[in-house]
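One structure is given here, and the rest of the page talks about it.
The values are calculated or read from the model by the stated rules, or taken from the named source; none is laboratory data. Values in this document were obtained by computation on a predicted structure and should not be read as measured data. Counting neighbours? That spans all protein chains shown, and the Cβs are built from the backbone with ideal geometry, glycine included.
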Amino acid sequence: MSKLLDNIRDHAQGIELKGIKKSYGSNVVIPELDVAIEAGEFVVILGPSGCGKSTTMNMIAGLEEVDRGSICIGQREVQDLEPKERGCAMVFQNYALYPHMTVADNIGYSLKIRGMNKTERMAKVAEVAKVVSLQDYLERLPSELSGGQRQRVAIGRAIVREPSVLLFDEPLSNLDAKLRHEMRIELSQLHERIGATSVFVTHDQVEAMTLADRIMILNKGHLEQFDTPKNVYDKPATVFVANFIGSPAMNLINNIERDTPLWQHCHLGLLDSASGNEIIAGIRPEHIEIVTEGGMSVAVKYIEDLGAYKVITAVLDCGQELMVSTPLGLDEAHPETLRIAFPAEKLHYFDRQSGLRL
Ligand SMILES: Nc1ncnc2c1ncn2[C@@H]1O[C@H](COP(=O)(O)OP(=O)(O)O)[C@@H](O)[C@H]1O
Ligand SMILES: [Mg+2]
């Protein structure tokens, strides 16, 4: 094991945000945020564009001030410290490599400006290069590297200072789908090896689901859920999360009248005291079963064949549309109707007023 990696693991610190508030003028971006991130954890901040992800990360890094509340990294309160005193290293979207410097000089630059002598610096750079598998590329310029290698230089440059926290702001969002996939796998493997506390901002649910130990889902600066990818998918805490995670999105059924067939098919009798118009029932497209008898008949409006599976737009008697995703080819290319069933254990229920899971 490398000494550098041992140091990073030993220095990894938890991060605690307590009562954080942030506005720009009259625009309240973060109304009130309380979260605790564990040392060594990989946390993804996920949410739609403009929900306050970068603002949250920048407050941790010290690039933005907080209006109120405190930020602890390990035992230290850092909200009044300069960015360079906080022990965070950032990896940006464009990697911001110095184009005229070699890989070795890019990685070692921060050590140079801190006045570390050349011998020590070169040893450190060599160690980092090994961690990010760039030993054979040290003399190249960034323009002579692949996208994946550039990402590794950016990470190498971030870890060379043995930060206690690594921060990533949408580092993959400029890349095409195939490269994103490769980079996700690389990042995940690097995290396993490096073990630094990592906070990663994205609006891409696939990145969040595949990289995170836990996902922080933000909606207009409000924390909707902070949980493992599995729990976020299996037990979304709110309607917002249910709708945001999963593709195609979860079907959400409103206004279910008591004792109608739809009421029964949604198994609402199981929730005592339930009155249909106070409840939203949810079911994921991949959990709807296509049955030959029983179930409900639905009209088929449209079928998208994606090769590995089909996404069917179906219409209930009440007019509501449902997405049904099925791995099996249908016998008929485009049947007019289908029979579908909702397995009881796959249904989700939310309170319509609060949006909270029941
Ligand atoms: N420096 C700034 N000045 C004024 N408004 C800002 C500034 N930075 C961000 N905002 C606003 O704060 C909100 C959240 O921005 P941001 O955190 O960048 O969102 P995200 O990263 O989730 O897309 C947006 O409405 C944005 O317009
Ligand atoms: Mg952003």
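Numbers at a glance
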item	result
Single residue of Met1, Met90 found to be modelled with pLDDT under 95, of a type in the set (A, V, I, L, M, F, W, C), closer than 25 Å to Asp213 by Cβ and within 16 Å of ligand 2 (Cβ to nearest atom)	Met90
Qualifying residue in the range 200-209 (condition: surrounded by fewer than 21 Cβ atoms within 10 Å (Cβ to Cβ), in the same structural domain as Val29 (by TED's automatic domain parsing) and farther than 20 Å from Ser54 by Cα)	no
Whichever residue in the range 56-70 is within 25 Å of Glu207 (Cβ to Cβ) and surrounded by fewer than 22 Cβ atoms within 10 Å (Cβ to Cβ) and, among such residues, is farthest from ligand 1 (Cβ to nearest atom)	Gly62
Within the range 276-304, tally of residues that are of a type outside the set (Phe, Trp, Tyr) and either assigned to a strand (DSSP E or B) or without any contact (Cβ under 8 Å) to a residue 12 or more places away in the chain (or both)	15
Verdict on Gly40 being within 14 Å of ligand 1 (Cβ to nearest atom) and part of a loop (DSSP other than H, G, I, E, B)	no
Residue within the range 12-35 that is within 14 Å of ligand 1 (Cβ to nearest atom), modelled with pLDDT of 95 or more, within 14 Å of the chain's Cα centre (by Cα) and within 15 Å of Leu218 (Cβ to Cβ) present	no
Inter-residue pairs, beta-carbon under 8 Å, first among the aromatic types (Phe, Trp, Tyr) and in the range 154-170, second within 16 Å of ligand 1 (Cβ to nearest atom), 6+ apart	Phe168/Met90; Phe168/Val91; Phe168/Val199; Phe168/Phe200; Phe168/Val201
Selected residue (criterion: nearest to Val232 (Cα to Cα)) from residues of the range 6-37 that are part of a strand (DSSP E or B) and among the hydroxyl-bearing types (Ser, Thr, Tyr)	Ser23
Residue match in the range 177-189 (condition: within 16 Å of ligand 2 (Cβ to nearest atom), out of contact with any helix residue (DSSP H, G or I) (no Cβ under 7 Å at 6 or more places or on another chain) and not hydrophobic (A, V, I, L, M, F, W, C))	no
Single condition Tyr302 does not satisfy, out of (1) within 21 Å of His265 (Cβ to Cβ); (2) exposed (fewer than 14 other Cβ atoms within 10 Å of the Cβ); (3) among the hydroxyl-bearing types (Ser, Thr, Tyr)	(1)
Of all residues making up the range 167-187, the number that are more than 16 Å from ligand 1 (Cβ to nearest atom) and crowded, with 24+ Cβ neighbours inside 10 Å	1
Yes/no for Leu46 being among the hydrophobic types (A, V, I, L, M, F, W, C) and more than 10 Å from ligand 1 (Cβ to nearest atom)	no
Flag for Val206 being under 30 Å from Lys22 (Cβ atoms) and more than 16 Å from ligand 2 (Cβ to nearest atom)	yes
Which listed residue, of Lys3, Lys53, is closer than 30 Å to Tyr233 by Cβ and either away from ligand 1 (no atom under 16 Å from the Cβ) or in the same structural domain as Ser133 (by TED's automatic domain parsing) (or both)	Lys53
Leading residue by the ranking (modelled with the highest pLDDT) among those in the range 305-350 that are in a strand (DSSP E or B) and among the basic types (Lys, Arg)	Arg339
Subset of the range 82-127 (residues that are among the basic types (Lys, Arg) and either buried (at least 19 other Cβ atoms within 10 Å of the Cβ) or not assigned by TED's automatic domain parsing to the domain that holds Pro142 (or both))	Arg86, Arg121, Lys124
Leading residue by the ranking (surrounded by the fewest Cβ atoms within 10 Å (Cβ to Cβ)) among those in the range 213-228 that are within 16 Å of ligand 1 (Cβ to nearest atom) and under 19 Å from Val91 (Cβ atoms)	Met216
Extreme residue, modelled with the lowest pLDDT, among residues of the range 118-174 that are within 16 Å of ligand 2 (Cβ to nearest atom) and out of contact with any Cys (no Cβ under 9 Å at 6 or more places or on another chain)	Asn174
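A quick yes/no check of all residues on (1) touching a helix residue (DSSP H, G or I) at 6+ places or on another chain (Cβ under 9 Å); (2) assigned to a helix (DSSP H, G or I); (3) under 20 Å from Pro285 (Cβ atoms):
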{"site": "Met209", "(1), (2), (3)": "yes, yes, yes"}
{"site": "Ile215", "(1), (2), (3)": "yes, no, no"}
{"site": "Leu218", "(1), (2), (3)": "yes, no, no"}
{"site": "Gln225", "(1), (2), (3)": "yes, no, no"}
{"site": "Asn231", "(1), (2), (3)": "no, yes, yes"}
{"site": "Pro236", "(1), (2), (3)": "yes, no, yes"}
{"site": "Ala242", "(1), (2), (3)": "no, yes, yes"}
{"site": "Gly246", "(1), (2), (3)": "yes, no, yes"}
{"site": "Ala249", "(1), (2), (3)": "yes, no, yes"}
